[in-house]
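Peer 1: Can you keep this structure in mind? I'll have questions shortly.
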Amino acid sequence: MDEVGRGPLAGPVVAAALILNDARPIKGLADSKTLSARRREDLSVLIRERALCWALGRAEVEEIDRLNILQASLLAMQRAVMALSIQPELVLVDGNQAPRLVYPVTTIIRGDSTEPSISAASILAKVARDAEMCDLDRHYPGYGFSVHKGYPTRAHIDALQKLGVSSIHRRSFRPVQQVLAAEACTCNSM
């Protein structure tokens, strides 16, 4: 299991859980951050075809703001595992924090680079979240979500300052809070 989307200023955090099929290996699995978008998409198709089962879980912007990003990430991971059609014997989690599960869990720092199942989950989650951010770009034009996927790039910060905070921005994140505070100051001075 792995998640993506902890660092962005906008959009959900998405987790993927899966059980690979040893009889149908997938070559080229790696940490999703090290692969091109095209390679991730190609591998995502293979993973969904060859895995014994896979599922996605998510936590929405409102949950991120209410719980904090770590707890929302753990919630998304929990939801992904609970959505699997086959019960896992052991859950391998990338990082050093694990969600509460009824199954045994092992955390592995940099597991997305060393464990094929975590690499595959990383790829599924990244492809799903990136596709969603591209879709959200059409609903929230001008922010550039299809390019930066909600991460705090200079272009995203500039768009935030120019267009203001949208409904998919994480209000608990400092750059968004700063824009909200500036908007409040502008409103109060009128």
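Bear in mind that the values in this text are calculations on the coordinates, not laboratory data. Keep in mind that what you see is a predicted model, and the values were worked out from it rather than measured. Here the Cβ positions follow ideal geometry from the backbone for every residue, glycine too, while neighbour counts run over all protein chains shown.
Peer 1: For a quick check of your reading: which helices (runs of 4 or more DSSP H) sit entirely within the stretch 82-190 and have at least 1 residues that are touching a Cys at 6+ places or on another chain (Cβ under 6 Å) and of a type in the set (S, T, N, Q)?
Peer 2: Those helices (runs of 4 or more DSSP H) span 145-148.
Peer 1: Report, by residue number, each residue of the stretch 28-73 that is touching a Ser or Thr at 6+ places or on another chain (Cβ under 7 Å), part of a helix (DSSP H, G or I) and within 17 Å of residue 112 (Cβ to Cβ).
Peer 2: 32, 40
Peer 1: Name the residue that is surrounded by the fewest Cβ atoms within 10 Å (Cβ to Cβ), counting only residues in the stretch 6-28 that are closer than 25 Å to residue 145 by Cα and out of contact with any Phe, Trp or Tyr (no Cβ under 9 Å at 6 or more places or on another chain).
Peer 2: 6
Peer 1: Also, quick follow-up: Looking at the stretch 29-53 only, could you name the residues that are under 15 Å from residue 3 (Cα atoms), in contact with a Lys or Arg (Cβ under 7 Å, 6 or more places away or on another chain) and surrounded by fewer than 22 Cβ atoms within 10 Å (Cβ to Cβ)?
Peer 2: Selection gives 40 alone.
Peer 1: For residue 142, all conditions in the list (1) at positive phi; (2) crowded, with 17+ Cβ neighbours inside 10 Å hold save one; what is the number of the exception?
Peer 2: Going through the list (1) at positive phi; (2) crowded, with 17+ Cβ neighbours inside 10 Å, residue 142 breaks only (2).
Peer 1: Tell me which of these residue 22 doesn't satisfy, since it passes every other one: (1) more than 30 Å from residue 154 (Cα to Cα); (2) of a type outside the set (A, V, I, L, M, F, W, C); (3) not in a loop (DSSP other than H, G, I, E, B).
Peer 2: (3)
Peer 1: If you don't mind, another one. From 121, 131, grab the single residue that is crowded, with 19+ Cβ neighbours inside 10 Å, within 12 Å of the chain's Cα centre (by Cα) and small (Gly, Ala, Ser).
Peer 2: Matching residue, one of 121, 131: 121.
Peer 1: In the stretch 145-188, what count of residues is obtained for those that are over 22 Å from the mean Cα position of the chain (by Cα) and surrounded by fewer than 16 Cβ atoms within 10 Å (Cβ to Cβ)?
Peer 2: Result for the stretch 145-188: 15.
Peer 1: Go through (1) under 21 Å from residue 5 (Cα atoms); (2) in contact with a helix residue (DSSP H, G or I) (Cβ under 8 Å, 6 or more places away or on another chain); (3) surrounded by fewer than 22 Cβ atoms within 10 Å (Cβ to Cβ); (4) not aliphatic (A, V, I, L, M) and name the single condition residue 110 misses.
Peer 2: (2)
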